[in-house]
Amino acid sequence: MLAQHTFLEKREDQFADTPSSVRPTHQQIRYPLVDPQEIFREAREYFHLFHHEHGTSQLYQEHLNEIQAEIERTGTYWQTCDELVYGARVAWRNSTRCIGRLHWKSLTVRDLRHLSTAEDIFEAIVEHLRTGTNGGKIRPMMSVFAPQMPHRQGIRIWNPQVIQYAGYRLPDGSITGDPSNEELTTVLRHLGWKGGAGTAFDVLPLVIQMPYQRPRLFELPRDAILEVPLSHPDYAWFADLGLKWYALPIISNMRLEIGGISYSAAPFNGWYMGTEIGARNFGDEGRYNLLPVIAKAMGLNVRSNRTLWKDRALVELNIAVLHSFASHGVTMVDHHTASQQLVVHQACENKAGRLMPADWSWIVPPLSSSATPVFHCPYQDVTFTPNLFYQPTPWQADPQASLEKQAYYGAGAT
Ligand code: ARG
């Protein structure tokens, strides 16, 4: 689970004008490998791990020789379905910002590398929505589309998540909806989207871009999107706020890297931890900013910080989120349980002879942090591969990148 913290945003500022070569690795965009030797080195590492963890080390050397020959011949190589599935699971295991990694072995991986049109990819994503949602009993799932070839553009899904709420800037400067999607909403309008009903929860269309083609817009079918209306177990007025959130967070803009091969479109989901919605999406001043609304409805004195009105509003908001998801039969974990599960996961990893790398500032929940065990643990934030990496925003040029790299990403495609 990737729970973004304001803490981290502050830390990023601190590195804003540090040269990229000395910035901590997790802040950088790592570009796909193109050099056959580098691809081979990564492949060697991955196949070593793959055979070691499958107890088939006697097969490793011969396997590697075959891969080496294929890379020499073609500049890249094709992974088997098993190699892809295991790599995707290990990418989750290596995601230092995710508190939900205990479940890494249960990731369902769909090998969809054969799909070659935006329409087919869209249909597959809708299918992912339905089977991942599973009527509320959420299944962790990843859909892997064709890999990005060296020196070529890759398939891109422009939306950061498959389901996202629009953020509309109004003439008075205020925003209706999710402020974090204001730019995406504007970009979609430029691409021809007519706009939604104008509510605070308008689902954005999906943008899929095939290599060297124009981005294409697709409306998600309403019946594929499960949403949970929020209510509070003790405050009847809470339901009247008209809040809701979607059940399935499918991250769709990250690059999966396995053994030197890049999958630029590999949308994946887990289930929500309550605080992602209750503390961050609804609580952050730069998001739905609901703490003042809730505190006032609770009758709290919001003029003094010392009444801890923000803290009290946060707790009730998070109770409402957990209560509502549970009463609608939608999988969700609370931050205490998730923290305990990461501690269990760490013990399993250590028992398997592995270090569990983690990014403390993302792992520690944004609510009651010190009441969770992870707050008290030091972690080492090391980047192992396979892993998931950020990619340049498709509609923005990356000034750090070489012209050749900018060309791969179709910079300024709008
Ligand atoms: N924090 C993001 C959100 O609120 C979702 C990130 C992924 N979370 C997860 N539980 N898998 O939408």
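Throughout, read-outs are computed from the coordinates displayed, never taken from laboratory work. What you see is a predicted model, and the numbers here were worked out from it, not measured in a lab. Ideal geometry is used to build each Cβ from the backbone, glycine not excepted, and the neighbour counts take in all protein chains shown.
For this structure, a couple of remarks:
- Sequence of SER324, SER143, SER106 once ranked by neighbouring C-beta atoms within 10 Å, starting from the fewest: SER106, SER324, SER143
- Listing GLU219, GLU227, GLU316 from fewest to most neighbouring C-beta atoms within 10 Å gives GLU219, GLU227, GLU316.
- Computed extension gain for PHE384 through ALA401, at 0.36 nm per residue and net of the alpha carbon distance, reaches 3.8 nm.
- Largest first, the three principal axis extents of the alpha carbons in region 203-332 are 56, 31, 28 Å in whole numbers.
- Semi-axes of the equivalent ellipsoid of the chain are 36, 26, 20 Å, computed as sqrt(5λ) over the eigenvalues of the C-alpha gyration tensor in descending order.
- For region 111-235, the relative contact order comes to 25 percent (Cα pairs under 8 Å, sequence separation of at least 6).
- D_trans [Stokes-Einstein, Kirkwood Rh over alpha-carbon pairs] for region 69-131, 4 °C, 1.567 mPa s, µm² s⁻¹: 92
- Candidates GLY196, GLY173, GLY329: whichever shows maximal mean-square fluctuation once the chain is modelled as a Gaussian network with Cα springs under 10 Å: GLY173
- Residue exposure sequence - ASP178, ASP381 - by fewest surrounding Cβ within 10 Å: ASP381, ASP178
- Here r is the Cβ-Cβ distance between GLN28 and ASP311 and R0 is 30 Å; the resulting FRET efficiency, rounded to 0.05, is 0.30.
- Each principal axis of the Cα cloud of region 36-76 was evaluated for its coordinate range; sorted largest first, these ranges are 29, 16, 9 Å.
- Percentage relative contact order, the chain, counting C-alpha pairs under 8 Å, at least six apart: 22
- Of all DSSP beta bridges in the chain, antiparallel share, percent nearest 5: 80
- Value of [θ]222 nm, deg cm²/dmol, for the chain, DSSP H segments ≥ 4, -39500 (n - 2.57) each, nearest 500: -10000 deg cm²/dmol
- When each of the peptides 74-82, 254-262 is scored by how many other beta carbons lie within 10 Å of its residues on average, the order from highest to lowest is 254-262, 74-82.
- Note on region 31-167: Cα Rg divided by 2.2 N^0.38 Å, N the number of residues, gives 1.18.
- Pair SER304, LYS105: separation of 7 Å Cα→Cβ label points (nm): 5.5
- Two-decimal log10 I(q)/I(0) for region 245-310, as the Debye equation yields it once each C-alpha is a single scatterer, q = 0.20, 0.22 Å⁻¹: -0.87, -0.95
- In this calculation the C-beta distance from GLU62 to TYR212 is compared with R0 = 35 Å, giving a FRET efficiency of 0.40.
- Mean Cβ neighbour count within 10 Å, used as a protection proxy, ranking 123-131, 371-379 highest first: 123-131, 371-379
- A simple spin-label model places pseudo-atoms 7 Å from Cα toward Cβ; at ASP234 and SER116 they are separated by 6.2 nm.
- Largest first and in whole Å, the equivalent-ellipsoid semi-axes of region 133-209 read 27, 19, 9, each the square root of five times a Cα gyration tensor eigenvalue.
- Here ARG189 and LYS244 are evaluated by their C-beta separation; at R0 = 22 Å the FRET efficiency comes out at 0.40.
- Three-way shape call for region 321-402 based on the alpha-carbon gyration tensor, with the a/c threshold at 1.5: oblate
- Shown here is the pair-distance distribution of region 262-375: with all Cα-Cα distances grouped in 10 Å bins from zero up to the longest one, the shares run 12, 34, 33, 15, 5, 1 percent.
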